[in-house]
Structure formats: structure tokens, C-alpha cells
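These notes concern the structure reproduced below.
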Amino acid sequence: MRIFHTVSGLRDALKVHRREGLRIGFVPTMGNLHQGHLALIEQARGSCDIVVCSIFVNALQFGLNEDWDKYPRTYQDDCDKLAAFGCDYLFHPDDTEMYPNGLDTQSRVICPTMTDVLCGASRPGHFEGVTTVVTKLFNIVQPDEAVFGIKDYQQLAVIRRMAEDLCMPVEITAAPIYREADGLAMSSRNGFITEQERPNVVVLKQSLEWIAEQIHAGERNFRELEKLAVERIADAGFKTDYITVSHSKTLDPAAEDDLEITILGAMFTEAARLIDNLSIRLD
Ligand code: AMP
């Protein structure tokens, strides 16, 4: 695996492959790689000739009181994993390489829909940071395909919309949620869960599944289901950020006759904010 820390170095290397007509796949990450990330690499490996991964903990998508400084950075370990999983190129820029003019005056990419609800409501500016850095990374790597995890459902929806709106010449593909044995969605932030909390955090996934069961059984009072799920989460000792039954494409609150539904949730542990989601189809 070849590692580049500069935009120009990576561009020069990839130019050769582009001229050869090879299909370039890209997996953007913030590092601290787990099996969920590596499954994305494998997926890109399956459909592309060249696989590029980036590791960049993007300050622009973290709020002032969020965990940018505490975010786990495990660079050497990440390199070993990526090399073992057949990643061809790693892009690992520092902040000045990505934001040479500073963060405050950085040009931004704004997606005006789906970004101020759910995670965007509790993390103002978060998705603007995501769309801006992903655009920059797309411009640097110029991939034919970019793979994103369904684990971050809203992020995937926003990136798809951005790519469509801005005619970005990249195919966005989705990878399934990778989970621990008890069902907890893998996340770099799971390391912040305490030993006492760990057996109970699966309540988030279980609550989404419970809502799905009720809907399959014919219940259509979605707002009531959301309320009851919040109570289940409180009973397990956690504070809910949001639980919503949403339209899968627009992320608007689902209407009774919607056929494609995604149930999304976020809850707080003492030191982490965990997210999960579950999509169902009614026909
Ligand atoms: P992150 O490093 O958290 O920014 O995530 C980088 C990419 O990995 C994103 O596309 C995430 O959606 C994806 N990802 C993170 N956790 C998982 C998981 N448990 N299963 C599948 N994909 C994931």
C-alpha cells in the first residue's frame, strides 16, 4: 500500500491509473478502523481496480463542544489493517494540507435539504462540514465510485443528494451496517462506552426493531411508536436524542401511506452519542 500525505502526490499517482482506464474506488474515513470500515474496502475491492482510502479527522464537521480532540487516532494500526485488506492507496493529509487557507474562510458546500433534521438538528453545521470535505476529497481522488456505510444513513442520503445536485461524476454505493455479536453497530465512538453501559446499549437497535415489528403488525401511529421507543431507551438508562419513523428518501416524518420507511435513532451514553437505523419496505 502506498501512503500519501499531500494532494499533489496522490494526484500524480492516480493520474497514471486513470490514463490506463482503471476504475478507481474510494472509501473516505476518519480512521480508528474497525471491521465495518474494512467491509467498505472489501466492497470497493470487488467492483474497482484500484482502492483508495482516506483517513482525516475533519475538524469542519465537529461542533465546538464536540469530541474532535478526543476522537481516537490509531494511525499505525489503521495502516496495517488497510494493507492486509488490499487497499492500494492511503491518503492521510494533515489539517493544513486539507485547509491551507484556514477553516474560517474555507469555501463551503451546502445541501439545503435533510441537513437540519435528525443528526443535523443536534449537530448544527455538521453536514456542511461533511459535504465540504467529501467534495474536496472527491476532487482530489476523482473516484469512479465512492463507498459509504448505511450506518450513517443521513450522511449517505445527503451525499447522494449533493452528488446528484452538483453533477459529480462519481457513483455513490452503500454498504450494509456491520455489527458486534449482540447487534451494536460498530463505531469508532464505541470505545467511549463504559463497561457498565455496554450490555445495555443494544437497546437502541432493539427499539428500532420493536418499532419495525409494530409497523409490520399494522400499527400506523408512528409518532406514538417513537414516544414509546424513547421510553424503552429511558428504562434502559439512556437519554434519547431522537427516534424517528421517516420516509427513506426525504427523511421527512413518515406518513401513514408511505411504503419505504427508515427508522432512525440516536441516544447518549455518558461519553458517547450512538446512532443506528433500520429500513423497511411495506407492500
Ligand atoms: P467514519 O470513519 O466514522 O467517518 O466512517 C467512515 C465510513 O465508514 C462511513 O461511510 C461510515 O458510514 C462507514 N461505517 C462506519 N461504521 C460502520 C459500520 N458499523 N458498518 C458499515 N459502515 C460503517
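The values are calculated or read from the model by the stated rules, or taken from the named source; none is laboratory data. Note that the coordinates shown come from a computational prediction; the quantities given were computed from them, not determined experimentally. Here the Cβ is made from the backbone with ideal geometry for all residues, glycine too, and neighbour counts use every protein chain on show. Heads up: the accessible areas ignore ligands, DNA and RNA and are worked out on the full protein's heavy atoms, side chains in. Shrake-Rupley method; radii C 1.70, N 1.55, O 1.52, S 1.80 Å.
Note the full-extension length gain between L259 and Y75 as 0.36 nm times their separation in residues minus their Cα-Cα distance, in nm to one decimal.
My answer for the length gained is 62.0 nm.
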- Can you work out the FRET efficiency for the pair A13 and C167, with r the C-beta to C-beta distance and R0 = 25 Å, to the nearest 0.05? 0.45
- Proximal aspartates and glutamates to K81, defined as alpha-carbon separation beneath 20 angstrom and excluding residues fewer than eight positions away on the same chain: E42, D49, E180
- Message: If I fit a long axis through the Cα atoms of helix 222-235 and take the longest principal axis of the Cα atoms of the chain, what angle between them do I get, 0 to 90°, rounded to 10?
- Response: 90
- Heavy-atom accessible area per residue of the chain, all protein chains kept, 1.4 Å probe, expressed in Å², is 47
- Could you state the number of Å between the C-alpha centres of region 130-147 and region 149-200? 17
- Task: Grab the beta carbon distance between N101 and E209, set R0 = 35 Å, and tell me the FRET efficiency rounded to 0.05.
- Result: 0.15
- Note on the structure: Taking Cα atoms only, Rg over Rh for the chain with Rh from the Kirkwood formula is 0.97
- Spin-label model distance (nm) - I110 vs K239, 7 Å beyond Cα toward Cβ: 3.0
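Given a 1.4 Å probe and every protein chain left where it sits, what share in percent of the accessible area of the chain is carbon and sulfur?
50
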- Which pairs, out of K15/K249; K70/K205; K151/K227; K70/K136; K205/K249; K136/K239, put more than 30 Å between their alpha-carbon atoms? K15/K249; K136/K239
- What nm value, rounded to one decimal, do you get for the distance between D49 and N200 when each label is placed 7 Å out toward the C-beta? 5.4
- Quarter of the Cα convex hull surface for region 69-165, i.e. its orientation-mean projected area (nm²): 7.6
- What spacing in nm lies between the two simple spin-label points modelled at S122 and E20, each 7 Å away from Cα in the Cβ direction? 4.6
- Query: Taking N as the number of residues in region 188-278, what is its alpha-carbon radius of gyration divided by 2.2 N^0.38 Å?
  - Reply: 1.09
- By DSSP, what percent of the beta bridges with both residues in the chain are antiparallel, rounded to the nearest 5? 50
- Message: When a/c reaches 1.5 or more, the comparison of a/b and b/c decides; with that in mind, is region 156-195 rounded, prolate or oblate per its Cα gyration tensor?
- Response: prolate
